[in-house]
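> To start, I am sharing the structure in question, which I have written as structure tokens.
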Amino acid sequence: MLYLIDANVLIDANNRYYPLNRIPQFWGWVIQQAQAETIKMPIQAIGEIQRYDAIEDSPEDHLLEWIEAHLDLLEFRQEPIVSTVLKTYEDGYGIRVGDATLGDLDLVSQSADPFLVSYALERPEDRCVVTLEKVQTVGSTLPKPENRKIPLVCKLLELRCIDTFQLIRELDFRIPEL
């Protein structure tokens with residue numbers, strides 16, 4: 001199984017519960033999983049971290065440096081398939097895009113999310129999306145396209161979607177005992 005991770009997985013891990021400078025075991029484990037081709041991050045999600053880093057100005061935050069140092073291992077190196085991205089927009093987000101090109105779609109969303117989901121959609125039996133976006137409850141109507149979160153989009157497309165903590169359980173991350 002290949003776990004495709006959203007930018008918020010690493011941003012929140014660093015900012016909240018596994019800071020780079022305090023829990024290096026987590027970050028070493030992520031690299032081991034990337035080397036094993038179990039965890040990857042699409043370039044679009046890496047771009048979100050770059051944009052986040054430009055906004056956040058914390059001298060203690062070295063996430064972007066860490067990502068760039070391990071980019072060759074972390075980056076999911078596959079070009080998006082146009083038809084799959086279109087299906088993600090139309091069937092997942094409810095956005096009719098017609099014959100749009102990938103460049104057009106990148107400008108429409110300015111988000112990595114549709115691309116992250118589309119990579120999983122290419123091989124749903126072998127890929128899982130990992131995000132910390134909240135699961136939306138759906139009443140009689142779906143949220144507006146611009147308000148749909150990754151877990152809902154994955155549900156609509158019948159894709160597996162988990163959070164960081166489920167990933168940790170599935171891949172058995174453990175901090176070694178002292």
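> Classify region 128-178: rounded, prolate or oblate, from the alpha-carbon gyration tensor (a ≥ b ≥ c, eigenvalue square roots; a/c under 1.5 rounded; otherwise prolate if a/b is larger than b/c)? Walk me through the intermediate numbers first.
Working: a/c = 3.81, a/b = 2.88, b/c = 1.32.
Cα axes put region 128-178 in the prolate bin.
> Still on this structure: Using a 10 Å Cβ count of at most 14 others and DSSP loop calls, identify the longest part of the chain lacking such GluC sites (Glu not before Pro).
Working: sites that count: Glu37, Glu56, Glu60, Glu125, Glu158, Glu177.
Counting only loop sites that pass the neighbour cut-off, the longest clear stretch is 61-124.
> Let me ask another. How far apart, in nanometres, would the label points at Arg123 and Glu79 be if each is projected 7 angstrom from Cα along the Cα-to-Cβ direction?
That separation, rounded to one decimal, is 1.8 nm.
> Moving on. Based solely on its DSSP helices, what 222 nm [θ] is calculated for the chain when runs of n ≥ 4 H residues each add -39,500 (n - 2.57) and the sum is averaged over all residues, nearest 500 deg cm²/dmol? Intermediate values should be presented prior to the final figure.
Values: 10 runs with 80 residues, N = 178.
When only DSSP H runs of four or more count, the value is -12000 deg cm²/dmol.
> Something else now. I need the shape label for region 1-43. Rule: rounded when a/c is under 1.5, else prolate if a/b > b/c, else oblate, with a, b, c from the alpha carbon gyration tensor.
Since a/c reaches 1.5 but b/c is at least a/b, the shape of region 1-43 is classed as oblate.
> Whole-Hz Karplus ³J(HN,Hα) for region 114-127, in order, using 6.51 cos²θ - 1.76 cosθ + 1.60 and θ = phi - 60°, x for Gly and Pro?
Using θ = phi - 60°, the values come out as x, 6, 4, 5, 5, 5, 5, 5, 5, 9, x, 6, 10, 9 Hz.
> Using just the alpha carbons, could you tell me how many Å³ per residue the convex hull of region 2-170 encloses?
Output value, Cα hull per residue: 119 Å³.
> Would you please name the trypsin sites (Lys or Arg not before Pro) within region 117-178 that are DSSP coil residues with at most 11 other C-beta atoms within 10 Å of their C-beta?
Details: sites: Arg127, Lys134, Arg148, Lys149, Lys155, Arg160, Arg169, Arg174; in loops: Lys134, Arg148, Lys149, Arg160, Arg174.
Those that pass, being in a loop and sparsely packed, are Lys134, Arg174.
> Quick check: the angle from helix 24-35's long axis to the longest principal axis of the chain, C-alpha only, nearest 10 degrees?
Between the helix axis and the principal axis of the chain, the angle is about 50 degrees.
> Can you give the net charge of the other residues whose Cβ lies under 15 Å from the Cβ of Glu75, counting K and R as +1 and D and E as -1? Can you show the working numbers first?
Details: positive: Lys40, Arg77; negative: Asp6, Glu37, Glu48, Glu68, Asp72, Glu79.
Every neighbour counted, the sum reads -4.
> Given 0.36 nm per residue, what is the gain on full extension from Asp172 to His62 after removing their alpha carbon distance, in nm?
On the way: separation 110, 0.36 × 110 = 39.60 nm, distance 2.54 nm.
Going from the current span to full extension adds 37.1 nm.
> From Cα pairs below 8 angstrom and at least 6 apart in sequence, can you work out the relative contact order of the chain, rounded to a whole percent?
Values: 217 pairs, mean separation 49.8, N = 178.
Reported as a whole number, the value is 28 percent.
> Under a crude label model (7 Å from the Cα following the beta-carbon direction), how far is Ala69 from Gln32 in nanometres?
Distance between label points: 1.8 nm.
Quick note: the coordinates plus some simple rules give every number you see, no bench work behind them. As the structure is a prediction and not an experimental result, all values here were calculated from the model. Counting neighbours? That spans all protein chains shown, and the Cβs are built from the backbone with ideal geometry, glycine included.
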